[in-house]
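Participant: Quick one: this structure, given as structure tokens, is what I'll be asking you about.
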Amino acid sequence: MLLGVNIDHIAVLREARKINDPNPVDALSICKLSGADQITIHLREDRRHIHDNDAKIICKQSTLPINLECSINSDIINIVCKMKPARVTLVPENREEVTTEGGLDVKGNFEKLQNVIKKLHDNEIEVSLFIDPNKEVIELSAHLNVEWIELHTGSFANVYAMLNSQLGNTHHTIKELELPRKELKKKLKSSIKELKKASKFATKQKLKVAAGHGLNYQNVTLISSIKHISELNIGQSIIARSVFTGLENAILDMKELIE
Ligand code: PXP
């Protein structure tokens, strides 16, 4: 099981003051030394955290492979092709969202995705699609000849957080909040089953399977034990813990849980 560390939130902290401290580039060597297998960054259309220059330097200087997340917008695809990350993960993007809310609409964007994926492959960049754990979407992804899919673990993480009182008081919009405990337990079980089934099916389709979103020190072992998932991309919980323990310890702790 590989660990990709998403370092966007280092840039979020920098943007709070619009200065150059902390610099996400400084995380590269710490991630490498602490045993991370990959660096993940999201170059958003609104550039709310990672900027073009960060992405450019990170792609150039990192000794770990870079997994660059972005939308399927052609302007951004043209930019990332020049940066030559090892992999691009295509994600849905909505300006109003706090974070990526759901999987890509692969069916609705099929033709556009064919063009975008060809362009990325022509530039020798592997492609991953961030999708919900759904059989039809996995089949469509396989038809698009991508190397990877990344399964969205957000629903699982929300239900887990509800059951374990991990949600703050800002999550008014999560519909699971209204469910009784018994229902939540059932939902948690079924979301894990869904991820297991989806990852097994994807592996049969010759896709490599990553997973991510909302994974943390409490819930990660439920996902890291799924046989057909080979990589986890984790950001918020690692960077949050690093405020108290340092980035190195935060990554080491996560690696230990995963292993
Ligand atoms: N994977 C993808 C595709 C994402 O968009 C994100 C959030 O940027 C993550 C993983 C990491 O999610 P989190 O910050 O909740 O760990």
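The values are calculated or read from the model by the stated rules, or taken from the named source; none is laboratory data. Being a predicted model, the structure only gives us computed values, none of them experimental. Backbone-built Cβ (ideal geometry, glycine too); neighbour counts: all protein chains shown. These accessible areas exclude ligands, DNA and RNA; they are computed on the full protein's heavy atoms, side chains included. Shrake-Rupley method; radii C 1.70, N 1.55, O 1.52, S 1.80 Å.
Participant: Please verify whether segment 186-198 includes one or more residues that are small (Gly, Ala, Ser), within 13 Å of the ligand (Cβ to nearest atom) and in contact with a Ser or Thr (Cβ under 7 Å, 6 or more places away or on another chain).
Facilitator: For segment 186-198, residues small (Gly, Ala, Ser), within 13 Å of the ligand (Cβ to nearest atom) and in contact with a Ser or Thr (Cβ under 7 Å, 6 or more places away or on another chain): absent.
Participant: When Lys18 is evaluated against the numbered criteria (1) open to solvent by less than 10 Å² (accessible area, probe 1.4 Å); (2) modelled with pLDDT under 95, which criterion, by number, is the only one it fails?
Facilitator: Failed condition: (1).
Participant: Kindly indicate whether Glu136 is out of contact with any strand residue (DSSP E or B) (no Cβ under 6 Å at 6 or more places or on another chain), modelled with pLDDT of 90 or more, not in a helix (DSSP H, G or I) and not small (Gly, Ala, Ser).
Facilitator: no
Participant: Scan segment 39-53 for residues that are closer than 17 Å to Lys84 by Cα and open to solvent by 10 Å² or more (accessible area, probe 1.4 Å) and report the count.
Facilitator: Residues that pass the stated criteria total 3.
Participant: Pull out all pairs, ordered by first then second residue, where Cβ-Cβ is under 7 Å, the residues are six or more apart or on different chains, the first lies in segment 233-259 and is without any contact (Cβ under 8 Å) to a residue 12 or more places away in the chain, and the second is open to solvent by less than 20 Å² (accessible area, probe 1.4 Å) and away from the ligand (no atom under 11 Å from the Cβ).
Facilitator: Final answer for the pair search is Ser242/Ala250.
Participant: Cβ-Cβ distance below 8 Å, separation of 6 or more or different chains: which pairs start in segment 74-91 with a residue that is on the phi > 0 side of the Ramachandran plot and among the hydroxyl-bearing types (Ser, Thr, Tyr) and end on one that is modelled with pLDDT of 95 or more and outside any loop (DSSP other than H, G, I, E, B)?
Facilitator: Correct list of pairs: empty, since none qualify.
Participant: Looking at segment 225-239 only, could you name the residues that are near the ligand (Cβ under 7 Å from one of its atoms) and of a type in the set (Lys, Arg)?
Facilitator: Hits for segment 225-239: nothing passes.
Participant: For Ile149, all conditions in the list (1) open to solvent by less than 20 Å² (accessible area, probe 1.4 Å); (2) within 13 Å of the ligand (Cβ to nearest atom); (3) outside any strand (DSSP E or B) hold save one; what is the number of the exception?
Facilitator: (3)
Participant: Looking at (1) away from the ligand (no atom under 14 Å from the Cβ); (2) farther than 12 Å from Gly35 by Cβ, which is the only condition Glu259 fails?
Facilitator: (2)
Participant: Also, quick follow-up: In this structure, is Val137 open to solvent by 10 Å² or more (accessible area, probe 1.4 Å) and under 29 Å from Glu194 (Cα atoms)?
Facilitator: It is true that Val137 is open to solvent by 10 Å² or more (accessible area, probe 1.4 Å) and under 29 Å from Glu194 (Cα atoms).
Participant: Can you find a residue in segment 95-117 that is β-branched (Val, Ile, Thr), on the phi < 0 side of the Ramachandran plot and surrounded by fewer than 20 Cβ atoms within 10 Å (Cβ to Cβ)?
Facilitator: Checking segment 95-117: at least one residue is β-branched (Val, Ile, Thr), on the phi < 0 side of the Ramachandran plot and surrounded by fewer than 20 Cβ atoms within 10 Å (Cβ to Cβ).
Participant: Under 8 Å between Cβ atoms, which residue pairs at least 6 apart in sequence (or on different chains) link something in segment 197-210 that is more than 17 Å from Val127 (Cα to Cα) with a partner that is among the charged types (D, E, K, R) and assigned to a helix (DSSP H, G or I)?
Facilitator: Sorted first by the residue in segment 197-210, then by its partner, the pairs are Lys197/Lys135; Ala198/Lys135; Phe201/Lys135.
Residues checked against (1) surrounded by fewer than 23 Cβ atoms within 10 Å (Cβ to Cβ); (2) among the aliphatic types (A, V, I, L, M); (3) assigned to a loop (DSSP other than H, G, I, E, B):
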position	(1), (2), (3)
Lys196	yes, no, no
Ser199	no, no, no
Ala202	no, yes, no
Leu215	no, yes, yes
Leu222	yes, yes, no
Lys227	yes, no, yes
